[in-house]
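Peer 1: This is the structure, below, for whatever I ask next.
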Amino acid sequence: MGSHPRDGSLTKALHSTAARLRFGMNLNGRGLAAASDRWALAGCHSAPHDRLGEPNVDLALIASLSAACLFFGILILSEVGRRIGLARLARDSEGLTKGAGAAEAAVFGLLGLLIAFTFAGAASRFEDRRHLIVA
């Protein structure tokens, strides 16, 4: 064994600490403070790594950046769509009502399916309840 701070039993303690951190376990009631103390005592200057050896990343930061990009992307693309629609409306003012019948039929068809499945589910629950009362 060498004199490196990650050798021997200290390595096992560090790996078990990292494993408990990964699985959200409390470390002697102190939580993350105990883990950071152990890493500091071992001479490690970086954060714990995951199983593949890659550093852990801040998932909250990634999620918030993704949500912000998605939000602004939606805003930009809705503005692009509005401008395209205004340009088409200026070219052909009667083209607005051409596809309305098909879209209306599709919406009413989906609404009918939703109501049918709702009543079918309610009927099956009623039958199950009636069988439980009789039995």
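Peer 1: Each label point is 7 Å from the Cα along the Cα-to-Cβ direction; what then is the distance between the points at Ala90 and Asp58, in nm?
Peer 2: 4.5 nm
Peer 1: Tally Lys/Arg at +1 and Asp/Glu at -1 over every other residue whose Cβ is under 14 Å from the Cβ of Ile84; what's the total?
Peer 2: +2
Peer 1: Compute the signed sum of charges (Lys and Arg +1, Asp and Glu -1) over the other residues within less than 14 Å, Cβ to Cβ, of Ala122.
Peer 2: With Lys, Arg at +1 and Asp, Glu at -1, the neighbours total +1.
Peer 1: Same structure, new question: For the range 77-91, in order, what is each residue's ³J(HN,Hα) by Karplus, 6.51 cos²θ - 1.76 cosθ + 1.60 with θ = phi - 60°, in whole Hz (x at glycine and Pro)?
Peer 2: Residue by residue, the range 77-91 yields 5, 5, 5, 4, x, 5, 5, 5, x, 5, 5, 5, 5, 5, 6 Hz.
Peer 1: Fewest first, what order do Glu94, Glu79 take by the number of other Cβ atoms within 10 Å?
Peer 2: Taking fewest neighbouring Cβ atoms as first place, the list is Glu94, Glu79.
Computed from the coordinates by the stated procedures, all read-outs in this text should not be read as laboratory data. Since the structure is predicted, the reported quantities are computational estimates derived from the model, not experimental observations. As a convention, Cβ positions derive from the backbone with ideal geometry for all residues, glycine included, and neighbour counts pool all protein chains shown.
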